[in-house]
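Chemist: Could you have a look at this structure, given as structure tokens, before my questions?
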Amino acid sequence: MVYVFGLLTALSNAAAVTTQHIASTSGEMKTSNWRLTLYLIRQPLWWFGWIAMAGSLVFQSLALHFGPLSLVQPLLVSELILALALRALWLRQSIRLVTWFVAALTGLSLVAFLAFTGPSGGDHQPKTSSWLTPSLLCLFGVVTLVALAQRGSPQRRAAMFASATAITWAIEATFIKSSTDVIAALGPIGLLARWPVYALIGAGVVGLFCEQAALHVGPLSVSQPIIVIVDPVVSVALGLWIYHERLRSGPWPLTFGATTFLAMCVGVVMLARLAPPTMSRDVHRL
């Protein structure tokens with residue numbers, strides 16, 4: 001169930017990013033002020049992206065309820081592979097054979113990473129105070145990255161906003177897991193009397209702002225791989241820190257785990273560069 005819901009989360013994320021990127025970069029409206037918002041709310045694809053985001057939240061909540069952060073969040077790396085499949089099947093883009101080859105290697109690296117590291121645990125019920133230091137560190141990182149994203153080239157600004165997005169999604173995942181635990185224990189009404197749901201809403205708003213900014217100011221080939229890589233890195237750290245999750249120890253699991261994760265990161269970057277540069281049809285031919 002954890003793997004199924006995790007992959008459904010990645011698929012929903014891929015659909016959301018793809019559709020909202022098309023909506024935010026299409027047409028002649030390239031400003032970043034209120035006119036952009038008015039333009040976007042008239043785009044059906046933009047609304048479809050929001051529906052996909054809602055589905056992603058539901059699937060991610062179910063996955064995190066049944067499994068540890070250090071397992072669920074790395075599964076989201078498959079978003080790029082699923083996004084490539086969406087572009088081939090839905091947008092009818094011609095994808096080069098080398099791109100599919102890199103996608104397969106990325107997927108195999110992900111499987112190997114999870115097999116070698118064996119994420120487990122997550123049953124620890126942390127106290128409220130356990131979130132204070134990691135939340136403050138994440139907040140500091142997000143504020144710093146957003147400040148740095150105000151100037152520079154489109155690629156640099158997209159990279160800064162994407163990194164802020166990934167950190168926000170990672171800390172938000174801890175709030176999602178805590179909220180599902182509260183619902184299981186106290187029900188939906190009890191959830192409203194606890195802080196995690198409000199922290200979840202706040203992090204969600206910040207994350208959406210950063211993601212929309214990343215998609216608008218720079219190319220998807222920059223922002224998407226950064227989000228896909230940084231999110232699991234921070235999430236694994238938070239899972240070990242807050243929920244006392246465990247990875248296999250010892251020199252061989254750590255060595256092979258680090259090697260396969262590095263291979264996965266290289267595959268993600270290559271995949272973003274090899275994918276068609278636009279969302280138009282028949283950009284690449286075999």
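Coordinate-derived values only; no laboratory data. The shown structure was predicted, so the numbers you read here are calculated from the model rather than taken from an experiment. Positions of Cβ are backbone-derived with ideal geometry, glycine not excepted, and every protein chain shown enters the neighbour counts.
Chemist: Which of the peptides 138-151, 213-226, 236-249 is most tightly packed, and how do the rest follow, going by the mean number of other Cβ atoms within 10 Å of each residue?
Modeler: 213-226, 236-249, 138-151
Chemist: Also, I was wondering about something else. Name the long-range amide H neighbours of residue 93: under 5 Å, sequence gap of 5 or more, or other chain; modelled H, no Pro or chain starts.
Modeler: 88, 282
Chemist: Still on this structure, I have one more. I need the shape label for the chain. Rule: rounded when a/c is under 1.5, else prolate if a/b > b/c, else oblate, with a, b, c from the alpha carbon gyration tensor.
Modeler: Oblate.
Chemist: While we're looking at this one, here's another question. For residue 208 and residue 255, compute 0.36 nm times the residue count separating them, minus their Cα-Cα distance, and round to one decimal in nm.
Modeler: 13.4 nm
Chemist: Listed highest first by mean packing, meaning other Cβ atoms within 10 Å per residue, what order do 187-195, 169-177 come in?
Modeler: Taking the mean over residues of other Cβ atoms within 10 Å, the ranking is 169-177, 187-195.
Chemist: State whether the stretch 153-286 is rounded, prolate or oblate according to the following rule on the C-alpha gyration tensor (a ≥ b ≥ c being the square roots of its eigenvalues): a/c under 1.5 gives rounded; otherwise a/b larger than b/c gives prolate, and the remaining case gives oblate.
Modeler: oblate
Chemist: In a GNM of the chain with a 10 Å cut-off on Cα contacts, which of 89, 75, 62 has the highest mean-square fluctuation?
Modeler: 89
Chemist: So, one more: Determine ³J(HN,Hα), in whole Hz, for all residues of the stretch 95-110 in sequence, where each value follows from phi through the Karplus function 6.51 cos²θ - 1.76 cosθ + 1.60 and θ = phi - 60°; x replaces Gly and Pro.
Modeler: 9, 5, 4, 5, 5, 5, 5, 5, 4, 5, 5, 5, x, 5, 5, 4
Chemist: Here is a further query. Please give the length that would be gained between residue 96 and residue 233 if that part of the chain were fully extended, namely 0.36 nm times their separation in residues minus their C-alpha to C-alpha distance (nm, one decimal).
Modeler: 46.4 nm
Chemist: Still on this structure, I have one more. What distance in nm separates the simple spin-label points at residue 1 and residue 195, each placed 7 Å from Cα in the Cβ direction?
Modeler: 2.9
Chemist: Within the stretch 56-103, which chymotrypsin sites (Phe, Trp or Tyr not before Pro) sit in a loop by DSSP and count at most 15 neighbouring Cβ atoms inside 10 Å?
Modeler: Those that pass, being in a loop and sparsely packed, are 90.
Chemist: Return the calculated 222 nm mean residue ellipticity for the chain, to the nearest 500 deg cm²/dmol, obtained by summing -39500 (n - 2.57) across DSSP H runs with n ≥ 4 and dividing by the residue count.
Modeler: Per the formula, -26000 deg cm²/dmol.
Chemist: Moving on. Rank these for me by crowding, 197, 228, going from fewest to most other beta carbons within 10 Å.
Modeler: Sorted ascending by nearby Cβ count, the order is 197, 228.
Chemist: Given labels modelled 7 Å from the Cα in the Cβ direction, how far is it in nm from residue 137 to residue 262?
Modeler: In this crude label model, residue 137 to residue 262 measures out at 2.3 nm.
Chemist: Separate question: I want the local charge near residue 183. Using Cβ-Cβ distances under 13 Å, sum +1 for each Lys or Arg and -1 for each Asp or Glu among the other residues.
Modeler: Overall, the nearby charge balance is +1.
Chemist: Where Lys and Arg each count +1 and Asp and Glu each count -1, what net charge lies around residue 231 among other residues with Cβ under 14 Å from its Cβ?
Modeler: -3
Chemist: State whether the stretch 205-248 is rounded, prolate or oblate according to the following rule on the C-alpha gyration tensor (a ≥ b ≥ c being the square roots of its eigenvalues): a/c under 1.5 gives rounded; otherwise a/b larger than b/c gives prolate, and the remaining case gives oblate.
Modeler: The shape class here is oblate.
Chemist: Measuring from centroid to centroid over Cα atoms, what is the spacing of the stretch 190-240 and the stretch 134-151 in Å?
Modeler: 12
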